[in-house]
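Engineer: Mind having a look at this structure? Questions to follow.
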Amino acid sequence: MPLGDEDLWAPLFFLSYAHPGMGQQREVLRFFDDLSEDVAQLVSRPTGADPGYLDRSMGGGNWWTDELLRAIGTCRVFVALLSASYFQSTWCSMEWFAFSQRPVVRHASNRLEQQSAVIPVIWAAPLPPDQTPSVVADVQRFAPNDVSNVDISRRYQAEGVFGLLKTRVDLYDAVVWRLAQRITDIYYSYRVESRVLQRHELRDIFREQDT
């Protein structure tokens with residue numbers, strides 16, 4: 001089911017990540033561009049409408065723009081790049097909270113069980129289990145299933161997307177494609193009701209639930 005007319009320009013996915021230094025920023029931007037290109041091959045979009053949204057400010061957490069709040073309040077899928085830095089980021093925690101306040105509605109024709117429209121992706125591994133917020137641990141992580149090369153899933157779990165980008169670009173490309181397919185599945189199977197929060201409504205959900 002396509003988006004309604006009022007949501008045609010809303011991003012299909014919102015990429016949530018811990019803002020790194022300049023070096024890793026290049027990898028995040030490449031990943032976002034590659035994922036956007038793959039999603040664009042799978043879902044028709046109006047001319048000029050971007051498949052995804054990425055906050056490109058270097059600092060992260062300096063300010064919340066109306067554009068960012070609207071993107072996270074209207075997108076269809078929330079893709080979280082998990083890393084040790086992500087778990088410590090108040091900014092990422094508030095992004096997760098903002099998206100989690102939006103009801104997920106399953107289309108009547110969809111046979112899949114009700115699920116979250118949050119896709120946690122391993123960005124940099126290993127992830128410290130003792131530092132993983134409970135709200136993150138409760139959501140099933142993305143895994144590149146149904147791939148002919150069994151090494152893809154194993155290497156992804158061990159190194160994350162960032163590690164694959166540094167060591168095995170062929171495996172990286174396969175993981176990005178599977179993720180684009182997962183985003184598309186959610187797009188056609190569920191609708192996430194729009195809700196744009198104000199800055200004062202945001203909460204640090206990672207710390208609140210674990211205290």
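Read-outs: derived from the displayed coordinates by stated rules, not from any lab. Source: prediction; values computed, not measured. Heads up, the Cβs are rebuilt from the backbone with ideal geometry, glycines too, and the neighbour counts pull from every protein chain shown.
Engineer: So how much slack lies between GLU201 and ALA137, counting 0.36 nm per residue of separation and subtracting their Cα-Cα distance, in nm?
Structural biologist: Details: separation 64, 0.36 × 64 = 23.04 nm, distance 2.34 nm.
Between GLU201 and ALA137, full extension yields 20.7 nm more.
Engineer: Next question, about the same structure. Quick one: Cα centre-to-centre distance for segment 27-104 and segment 156-211, in angstrom?
Structural biologist: 8 Å
Engineer: Which of HIS200, HIS19, HIS107 has the fewest other C-beta atoms within 10 Å, and how do the rest follow up to the most? Walk me through the numbers before you get to the answer.
Structural biologist: On the way: HIS200 5, HIS19 19, HIS107 12.
Ranking HIS200, HIS19, HIS107 by Cβ neighbours within 10 Å, fewest first, gives HIS200, HIS107, HIS19.
Engineer: So if each residue of separation counts as 0.36 nm, and I subtract the Cα-Cα distance between GLN157 and ASP66, what length gain in nm does that give?
Structural biologist: Computed gain between GLN157 and ASP66 is 29.2 nm.
Engineer: Between LEU42 and ALA84, what FRET efficiency follows from the Cβ-Cβ distance if R0 is 30 Å, with the result rounded to 0.05?
Structural biologist: 0.45
Engineer: In addition: Points 7 angstrom from Cα along the Cβ direction at ASP50 and GLU27: gap in nanometres?
Structural biologist: Label-label distance for ASP50 and GLU27, simple model: 2.2 nm.
Engineer: At a Förster radius of 30 Å, what calculated FRET efficiency corresponds to the Cβ-Cβ distance of TRP9 and ASP130, to the nearest 0.05?
Structural biologist: Calculated transfer efficiency: 0.15.
Engineer: Please compute P(r) over all alpha-carbon pairs of segment 5-208, binned at 10 Å starting from zero, and give each bin as a whole-number percent.
Structural biologist: Histogram of Cα-Cα distances, whole percents per bin: 8, 36, 40, 15, 1.
Engineer: Please list 172-178, 44-50, 187-193 highest first by mean number of surrounding beta-carbon atoms within 10 Å per residue.
Structural biologist: Most protected by this proxy first, the peptides run 172-178, 187-193, 44-50.
Engineer: Hey, another quick one. Let me check against my output: what whole-number percent is the relative contact order of segment 5-208, with C-alpha pairs under 8 Å and at least 6 apart? Intermediate values should be presented prior to the final figure.
Structural biologist: Details: 307 pairs, mean separation 61.9, N = 204.
Rounded, it is 30 percent for segment 5-208.
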